[in-house]
Structures are given as C-alpha cells and as structure tokens.
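The values are calculated or read from the model by the stated rules, or taken from the named source; none is laboratory data. This structure is a prediction, so every number in the text was calculated from the model and none was measured. In this analysis, Cβ positions are derived from the backbone assuming ideal geometry, glycine residues included, and neighbour counts consider all displayed protein chains.
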Amino acid sequence: MAQTETAPLASTQPVGKVADPCVMVIFGASGDLTRRKLIPALYNLARAKLLSHEFAVVGIARRPMSTDDYRKKVTEDMKQFATGDVDPDLWEWFVRRMYYMSGNFDDPQTYPNLKDLLTKIDQEHSTRGNYFYYLATAPDAFGTIVENLAEHGLMQQDNNHWRRVIIEKPFGHDLESARALNQQLLKVADEKQIYRIDHYLGKETVQNILALRFANGIFEPIWNRRYIDHVQISVAETVGVEGRGGYYDTAGALRDMVPNHIMQLITLTAMEPPVSFRADAVRDEQSKILHAIQPLSAEDVLTRTVRGQYGEGVIAGQRVPAYRAEPGVPPDSRTETFVAMKLQIDNWRWADVPVYLRTGKRMPVRNTHIVIQFRRAPFVLFRDTPVENLMPNQLVLHIQPEEGISLRFAAKAPGALMRLGTVDMNFEYADYFGMQPSTGYERLLHDCMIGDQTLFQRADMVEAGWCVVSPLLDVWKALPPRNFPNYASGTWGPRDADELLERDGRRWRNFEK
Ligand code: BG6
C-alpha cells in the first residue's frame with residue numbers, strides 16, 4: 001500500500017517544526033494510556049500539521065488481534081477519548097498508518113518480527129528507519145524491552161536515521177533500583193536516546209513557570225530569600241486509587257508523586273536562569289536544585305514530614321470508601337495516600353526559605369498550585385489596622401484545573417477612613433488564549449520526534465529525585481504508622497499537616513472552589 005498523499009486540512013501553516021518521518025512503536029498498545037492519551041495526542045499533532053506525512057504507528061501487546069481489528073478498536077476508542085471533533089478524512093489518513101503486532105515482551109521472537117514489520121513500513125511509508133519506542137508497559141518490562149531492541153539492532157543509529165525510547169514512570173522503586181535501571185539502559189543505549197517522560201512537564205501551566213520567570217523582568221529581582229518568605233506546593237486530588245489498588249499499594253503517595261511530578265514543580269520554581277533553552281542547559285539548572293535540597297536526617301523525617309491514609313468520607317456530596325476498602329488494597333494496608341513535608345534548598349537564592357509541599361488523594365477538591373509568599377511589609381503606617389486584615393502578598397501559580405496566575409495584595413477599602421482589605425488580581429489562560437483541547441502528551445511526543453530532550457528527565461535527575469525521598473522511605477519503613485486511617489476523605493489531610501506550618505507561624509492556602 002504505497003502512501004503518497006499528504007495529510008488533509010493543510011490550509012493553515014503548522015505552528016512549530018514538522019516532525020521527522022518516523023514510526024512510533026507502542027509497547028503496551030492495549031492499555032489505558034494508549035487509548036486515553038497517546039492516540040488522541042497523535043491525532044491532535046496530525047491536526048496541528050506537526051506530524052510528518054511519512055509517519056506510522058505500530059501497536060504491540062500480548063493479545064492476538066489483526067491490524068484491521070486494531071484500527072476498528074482505536075476508531076471506537078477515539079469516540080470516547082478524542083479531545084475535540086474528529087475530522088473523518090484526517091482520521092482515515094491517520095488510521096491507515098496504524099499497525100498491530102501481537103507479542104510477548106520477554107519472548108525473543110517478538111523483536112525479529114518487529115524488525116520485519118518496521119522494514120516493511122519503512123518501504124511503504126518512507127519512514128526512513130527513524131523509530132521511537134514508547135514503553136507504556138509495567139515497569140519491570142523496561143529493561144528487557146530495551147535490551148532486546150538493542151540486541152536486534154533496533155536501537156542502532158547512524159547519520160541517516162535515529163532510534164529513541166520513551167519510558168513512563170515509575171522509574172525505579174527507590175534510589176537503588178533507579179540506578180540499576182539507568183545502568184541497564186545505558187549499557188545498550190546512549191543517554192541522548194532515552195526520553196524519561198514525566199507528564200507534568202507536558203502541562204502548559206507547568207511550562208509557563210519558565211515563561212513567567214524568565215520572559216519577564218519584574219519577577220526575577222524579587223525571586224529570592226530577601227523577598228520571599230516561603231513556598232507552598234500543593235497537589236490535591238479528589239480521586240482515590242481508581243482501580244489501581246494493586247500498583248498503588250506498593251507505591252504510596254510519596255513514590256507516586258514526589259520524586260517525579262512534585263520535583264518538577266520545585267526545580268522549575270527554584271532553578272537559576274539557564275544560559276539558554278537548550279536541553280542540557282535547562283536540565284543542568286534543574287539538577288543543581290535537586291542536589292541543593294538539604295537531605296533530611298532521621299530526626300527531620302520525624303519532625304518535618306507527615307504521612308496519612310484516607311478513611312471513608314464525603315466528597316462533593318458523594319460518600320466514598322476508605323482506602324483500605326478499595327479493590328486490590330489489603331484491609332490492614334499501611335500505605336500512605338497523603339504526604340506533606342518541609343524542605344530547604346541550600347543555595348544562595350533560597351537559604352532559610354522553607355518549601356512546604358503536600359499531595360494527597362481524596363482531598364475536598366482537585367487543585368494543583370504553587371504559592372510564593374512574600375515577606376510582610378512593615379506595618380508602621382497602618383498601626384490601626386488589625387494585622388489579620390493585612391495578609392502577606394502571595395503570587396499563586398494555578399496549575400490545574402484552574403490555569404492561571406493570581407497576585408494577592410492589600411488595597412484601600414473605599415470610604416472616609418483608611419481601611420485596608422486584601423484583593424486578588426487574576427489572570428486566566430482561557431481568557432487570553434482560549435481553550436486548546438489537549439491531552440498533555442502532544443508536546444512531549446513531538447519533542448521526541450524532533451529530538452528535543454528539554455522536557456525529559458536525565459539519568460542524574462531521576463536519581464537525585466530519589467535521593468531526596470530516600471530518608472523518608474527508610475524511616476517510614478522502620479517505623480510503620482500506627483494511626484492509619486488518619487484523615488477522612490473530603491478533608492485536607494491529617495491535622496499534623498496543618499501543624500507542620502502552624503509551628504512556623506504559617507498556614508496552607510486552600511482553594512476550595
Ligand atoms: C500519576 C499518578 O503519575 O499522576 C497518579 O500515578 C496521579 O496517582 C496522576 O493521579 C496525577 O496526574 P494529573 O495529571 O491528573 O495531575
């Protein structure tokens with residue numbers, strides 16, 4: 001089937017570089033990630049004219065299925081998971097580039113079969129031997145797949161073609177296993193071929209942290225210990241474990257969210273200006289922050305960290321079960337579903353500025369935000385104003401579901417007297433840029449196709465993230481919690497998390513809407 005036609009809807013110009021001709025191979029093609037995110041994201045890239053006309057997808061999974069049946073299945077899935085209307089002509093163009101191959105990842109025969117199929121696709125679609133492999137599989141398959149790909153020449157690059165691999169989290173289970181996995185991968189592939197994905201970096205509002213800080217002259221001069229009192233990062237979710245009890249119970253909130261997603265938020269907020277936006281320039285600065293996070297001693301773990309597990313409760317009027325009653329979770333589980341901690345970054349910019357972070361399941365609202373709280377103004381001029389009416393300035397970066405930035409400051413309340421109130425100045429993305437329906441994976445997939453690693457984790461960054469949480473893993477293992485469940489679903493976590501800030505004379509900012 002020779003494909004000579006171009007993608008339809010070519011009336012407007014693409015915004016960005018059109019990707020190289022290539023084949024995307026998805027290991028774990030029958031899974032949730034593929035149908036919910038990857039395929040809709042590829043379609044969105046095609047719609048944005050960022051995919052090459054010489055493009056194809058190979059899905060691999062265990063289950064036997066023909067390519068025709070796979071095409072029918074993804075067409076059905078798109079009815080549910082597309083982020084907007086699907087143009088029938090463009091979809092037809094797209095789906096004709098999809099292939100399916102059944103295979104076991106640990107069966108050596110899978111790889112020669114894949115090689116044959118890729119050679120055939122190269123001939124039919126002129127994809128030129130450029131391949132990227134997306135490992136949407138269980139993490140214990142990562143090493144085996146990459147080793148097998150290498151053994152069959154499928155990781156080998158030269159001047160005429162490239163080979164890359166995208167790896168989903170979890171990247172290891174602790175520092176030791178992350179190191180072992182890095183070593184295993186780096187034996188058969190170059191760091192430049194490895195794209196460790198963190199879907200938080202696909203979020204527009206996360207990328208906007210860099211734009212806010214480094215495309216504006218007004219923030220950097222005050223972005224330091226002279227003006228900033230502390231930083232709060234909250235990642236609150238209303239969902240429970242969403243049928244993933246088996247995985248989650250072996251991971252817990254700390255592993256699931258902190259060394260990866262929350263570390264991204266910390267590094268982008270705290271890093272020094274990079275010398276350029278080249279991948280390694282940005283990642284070097286992120287890496288320095290990870291290394292500057294003060295390691296927690298065993299005593300710090302006891303005094304500066306909090307863990308929690310949800311009991312039953314009510315969220316948005318709905319009664320929800322306790323964590324221990326979720327499918328796949330043992331009834332006496334001691335796995336945490338909430339974590340909070342106070343970290344310090346030991347460098348000139350941030351010395352003595354605490355960074356408080358918290359994340360939890362079954363919170364009252366879904367809300368991710370970063371609060372930069374500035375030092376208070378001296379109150380001399382407003383002696384008669386009660387201090388509680390003069391809230392400190394806060395710059396809040398709203399990551400999701402609200403997407404925007406707000407600044408809290410004091411203003412005079414109208415009237416004959418000098419009375420002060422606190423007001424918020426708000427910017428919302430949607431007001432300025434409209435809503436761009438996206439899965440959050442478009443940018444990351446496109447970056448891989450054009451060879452830009454800026455938004456992917458380097459080996460040293462992954463390991464440094466694990467170093468930060470290692471002391472907690474060790475101490476918590478040695479001292480299992482005795483009071484779980486210790487927060488009701490629909491609340492902001494255990495009381496200890498509030499005390500963590502109250503002890504320092506501070507308070508979490510909760511956004512209830
Ligand atoms: C995943 C975690 O990496 O991120 C989930 O495994 C979590 O437990 C999810 O719910 C949160 O992602 P988002 O994009 O909904 O904030």
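For region 224-237: of the residues being in a loop (DSSP other than H, G, I, E, B) and out of contact with any Ser or Thr (no Cβ under 9 Å at 6 or more places or on another chain), which is farthest from the ligand (Cβ to nearest atom)?
By that ranking, first place goes to ARG226.
Which condition number in (1) more than 22 Å from PRO364 (Cα to Cα); (2) more than 11 Å from the chain's Cα centre (by Cα) is the one that ILE233 fails?
(1)
Would you confirm, using the coordinates I've provided, whether TYR441 is among the aromatic types (Phe, Trp, Tyr), farther than 21 Å from ALA340 by Cα and crowded, with 21+ Cβ neighbours inside 10 Å? Don't jump to the end; show me each part of the working.
On the way: among the aromatic types (Phe, Trp, Tyr): yes; farther than 21 Å from ALA340 by Cα: yes; crowded, with 21+ Cβ neighbours inside 10 Å: yes.
Yes: the conditions hold for TYR441.
Identify the single condition in (1) of a type outside the set (Gly, Ala, Ser); (2) within 16 Å of the ligand (Cβ to nearest atom); (3) in a loop (DSSP other than H, G, I, E, B) that HIS261 does not satisfy, given that it satisfies every other one.
(3)
Give me the residue from region 195-205 that is over 20 Å from VAL339 (Cβ atoms) and touching a strand residue (DSSP E or B) at 6+ places or on another chain (Cβ under 7 Å) and, out of that set, farthest from the ligand (Cβ to nearest atom).
Out of the qualifying residues, it is TYR195.
Output the number of the condition that GLY246 fails; it satisfies all remaining conditions of (1) more than 11 Å from the ligand (Cβ to nearest atom); (2) in a helix (DSSP H, G or I); (3) closer than 30 Å to SER489 by Cα; (4) at pLDDT 95 or above.
(4) is the only condition that GLY246 fails.
Can LYS192 be described as away from the ligand (no atom under 16 Å from the Cβ) and touching a residue at least 60 places away in the same chain (Cβ under 8 Å)?
Values: away from the ligand (no atom under 16 Å from the Cβ): yes; touching a residue at least 60 places away in the same chain (Cβ under 8 Å): yes.
When the stated conditions are applied, LYS192 passes them.
Out of (1) surrounded by fewer than 17 Cβ atoms within 10 Å (Cβ to Cβ); (2) at negative phi; (3) of a type in the set (Gly, Ala, Ser), what's the single condition that is false for GLY202?
Of (1) surrounded by fewer than 17 Cβ atoms within 10 Å (Cβ to Cβ); (2) at negative phi; (3) of a type in the set (Gly, Ala, Ser), only one is false for GLY202: (1).
Could you grab me the full set of residues in region 79-90 that are outside any loop (DSSP other than H, G, I, E, B) and out of contact with any helix residue (DSSP H, G or I) (no Cβ under 7 Å at 6 or more places or on another chain)?
Across region 79-90, the qualifying residues are LYS79, GLN80, PRO88, ASP89.
Taking the stated definitions as given, is LEU268 surrounded by 18 or more Cβ atoms within 10 Å (Cβ to Cβ) and either outside any loop (DSSP other than H, G, I, E, B) or within 12 Å of the ligand (Cβ to nearest atom) (or both)?
yes
Tally the residues that are assigned to a helix (DSSP H, G or I) and among the acidic types (Asp, Glu), restricting the search to region 146-200.
4
Could you please find all residues in region 95-126 being in a helix (DSSP H, G or I) and in contact (Cβ under 8 Å) with a residue 60 or more places away in the chain?
Of region 95-126, the ones in a helix (DSSP H, G or I) are 95, 110-125.
Across region 95-126, the qualifying residues are LEU114, LEU118, ILE121, ASP122, GLU124, HIS125.
Give all pairs with beta carbons closer than 9 Å in which a residue from region 482-502 that is polar (S, T, N, Q) meets a residue that is buried (at least 22 other Cβ atoms within 10 Å of the Cβ) and in a helix (DSSP H, G or I); count only pairs at least 6 apart in sequence or on separate chains.
If the second residue must be buried (at least 22 other Cβ atoms within 10 Å of the Cβ) and in a helix (DSSP H, G or I), the pairs left are SER489/TYR323.
Go through (1) part of a loop (DSSP other than H, G, I, E, B); (2) under 19 Å from PRO274 (Cβ atoms); (3) of a type in the set (S, T, N, Q) for GLN207 and report which single condition fails.
Evaluating GLN207 over (1) part of a loop (DSSP other than H, G, I, E, B); (2) under 19 Å from PRO274 (Cβ atoms); (3) of a type in the set (S, T, N, Q) leaves (1) as the failure.
What pairs come up if the first residue lies in region 237-262 and is within 13 Å of ARG334 (Cα to Cα), the second is within 7 Å of the ligand (Cβ to nearest atom), and their beta carbons are under 8 Å apart, counting only those six or more places apart or on different chains?
So the pair list comes out as TYR248/ASP256.
Does region 304-324 contain any residue that is more than 22 Å from ARG495 (Cα to Cα) and in a strand (DSSP E or B)?
There is at least one residue in region 304-324 that is more than 22 Å from ARG495 (Cα to Cα) and in a strand (DSSP E or B).
Restricting attention to region 325-339, which residues are surrounded by fewer than 20 Cβ atoms within 10 Å (Cβ to Cβ) and touching a residue at least 40 places away in the same chain (Cβ under 8 Å)?
Matches in region 325-339: PRO327, GLY328, PRO330, ARG334.
Just one of the numbered conditions (1) surrounded by 16 or more Cβ atoms within 10 Å (Cβ to Cβ); (2) within 30 Å of ASP229 (Cα to Cα); (3) among the β-branched types (Val, Ile, Thr) is not true of THR303; which one?
Result: THR303 fails condition (1) only.
Identify the single condition in (1) loosely packed, with under 15 Cβ neighbours inside 10 Å; (2) of a type outside the set (Lys, Arg); (3) within 23 Å of GLY465 (Cβ to Cβ) that GLU242 does not satisfy, given that it satisfies every other one.
Going through (1) loosely packed, with under 15 Cβ neighbours inside 10 Å; (2) of a type outside the set (Lys, Arg); (3) within 23 Å of GLY465 (Cβ to Cβ) one by one, GLU242 breaks only (3).
Filtering region 358-368 down to residues that are crowded, with 23+ Cβ neighbours inside 10 Å and not in a loop (DSSP other than H, G, I, E, B), which residue is farthest from the ligand (Cβ to nearest atom)?
ARG358
Residue-wise test of (1) out of contact with any Asp or Glu (no Cβ under 6 Å at 6 or more places or on another chain); (2) among the hydroxyl-bearing types (Ser, Thr, Tyr).
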| site | (1), (2) |
| --- | --- |
| VAL241 | no, no |
| THR250 | yes, yes |
| ASP280 | yes, no |
| PRO295 | yes, no |
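What are the pairs, 6+ residues apart or on separate chains, where a residue within region 358-369 that is touching a residue at least 24 places away in the same chain (Cβ under 8 Å) and of a type in the set (A, V, I, L, M) has its Cβ under 8 Å from a residue that is within 10 Å of the ligand (Cβ to nearest atom) and part of a strand (DSSP E or B)?
MET363/ALA236; VAL365/ALA236
Looking only at region 139-150, how many residues end up being out of contact with any Phe, Trp or Tyr (no Cβ under 7 Å at 6 or more places or on another chain) and either closer than 22 Å to THR67 by Cα or in contact (Cβ under 8 Å) with a residue 24 or more places away in the chain (or both)? Step through it out loud before you land on a result.
Kept after step one, since they are out of contact with any Phe, Trp or Tyr (no Cβ under 7 Å at 6 or more places or on another chain), are these residues of region 139-150: 139-140, 142-143, 146-147, 150.
Next, only the ones that are either closer than 22 Å to THR67 by Cα or in contact (Cβ under 8 Å) with a residue 24 or more places away in the chain (or both) stay: 139, 142-143, 146-147, 150.
Of the residues in region 139-150, 6 are out of contact with any Phe, Trp or Tyr (no Cβ under 7 Å at 6 or more places or on another chain) and either closer than 22 Å to THR67 by Cα or in contact (Cβ under 8 Å) with a residue 24 or more places away in the chain (or both).
Given SER276, SER287, SER333, SER297, which one is at pLDDT below 95 and hydroxyl-bearing (Ser, Thr, Tyr)?
Answer to the check: SER276.
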